[in-house]
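Below is one structure; the comments refer to it alone.
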Amino acid sequence: MTVQKQTASLNWDDLRIFLELARTGSLSAAARALRISHATVGRRVATLEEGLGRCLVDRRADGYSLTTDGEAVFVLADGMDERALAILRQVSSQGGQEAGLTGTVRLTTTQALADRFLMPRLGPLRARHPGIDLEVTVDNRSLSLARREADIAIRLARPQRGDLIARRLATMGYGLFAAAGAPDAVIGYDEALADLPEAVWLAHHRAGRRVAFRSNSQQTQLAAAKAGFGVALLPFWLAAGEPDLTPVPCEAPPLEREVWLVLHPDLRDVPRVRAVIKHLVALFAAEFAAASAAGHVPER
């Protein structure tokens, strides 16, 4: 690929947005990952193409694909992207040490854990560290910590790849719950989540029963169980305190999932990140220990 004179004014932000579009293949997916509008993604990529004097992407009805020039730019820029992210993490780490307990900490977790477990219990963190601004992203996807999509992730599985620090927070037990008089039907997951451990457990241990309700949200499944659609497999902590639900006996081995806190090694010594981690570790330890003593979480 011939590099023209215009590349002297190459804008890194334009290149970064192009990289995300190349990875995701759609404006909307790139916009969500970068937290900007899809119109901005399209405009910045067009600006990059104009500056380089090359067409980098083919715009099709089913998404975007790279041209030959686009593939060449992607190969070269991909390494730059990783190095730039490493610089940002290093600067964030040093800046955090100088600034102390101030600044933004970005946390990602699932909808149910965010809304029903974490948010009612984060008040003491705010009171103790008013200089920390907390940004919570609810997403069932595994947002990339290496790409700075989040600083801390709370996940229901230990990461198998990547240079990440992982700490087990708790073991989350599940049980079957239903409203009084509900049919012996299954409240399950949609087909997109068929590989989820909860969905696999239901398919094995509740096989042959009618699936009366499907949802990719545990909170929606909880609401469906309260409405009498059938029997739902729910975490004990989520079903606890719901007077409309009663446990359903089951002879099958109980499902358990581990809750993991994950972060990038470059951020482990940042004071504001450490403060949030300390609160989360203590929170899970206290709440799940209390629930276990009350019989809501099975002992390992």
field: Arg167/Ala203 FRET efficiency (R0 41 Å; Cβ-Cβ; nearest 0.05)
entry: 0.85
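Place a +1 charge on the Cβ of each Lys and Arg in the stretch 101-300 and a -1 charge on the Cβ of each Asp and Glu, then give the dipole magnitude about the Cα centre in debye, rounded to the nearest 20. Mind showing how you got there, number by number?
Numbers: 24 positive and 21 negative charges, 96 e Å.
Dipole magnitude for the stretch 101-300 comes out near 460 debye.
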message: Could you give the length gained by full extension between Ala192 and Ser217, i.e. 0.36 nm per residue of separation minus their alpha carbon distance, to one decimal place?
response: 7.8 nm
field: Likely footprinting exposure, Asp266, Asp62, fewest C-beta neighbours within 10 Å first
entry: Asp62, Asp266
message: Can you work out the Karplus-derived ³J(HN,Hα) for every residue in the stretch 265-274? Use 6.51 cos²θ - 1.76 cosθ + 1.60 with θ = phi - 60°, whole Hz, and x for glycine or proline.
response: x, 5, 9, 5, 9, 6, x, 5, 5, 4
query: Any idea how far apart Thr102 and Arg210 come out in nm if each label point goes 7 Å out from Cα toward Cβ?
result: 6.2
message: Quick query: amide H of Val211 versus all other amide H atoms, modeled in the peptide plane; which residues come in under 5 Å with a sequence gap of 5 or more or a different chain?
response: Val186
query: How large is ³J(HN,Hα), in whole Hz, for each residue of the stretch 212-228 in order, when computed from phi with the Karplus curve 6.51 cos²θ - 1.76 cosθ + 1.60 and θ = phi - 60°, using x for Gly and Pro?
result: 8, 7, 10, 7, 8, 10, 5, 5, 5, 5, 4, 4, 5, 5, 5, 7, x
task: Name the long-range amide H neighbours of Val136: under 5 Å, sequence gap of 5 or more, or other chain; modelled H, no Pro or chain starts.
output: Leu107
- request: Consider a paramagnetic label point 7 Å from the Cα of Ala157 along Cα→Cβ; state which residues of the stretch 109-137 have an amide N under 15 Å from it.
  value: 110
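Where a number appears in this text, it was derived from the coordinates with a stated rule and is not lab data. What you are looking at is a predicted structure, and each value in this text was computed from that prediction instead of being measured. Counting neighbours? That spans all protein chains shown, and the Cβs are built from the backbone with ideal geometry, glycine included.
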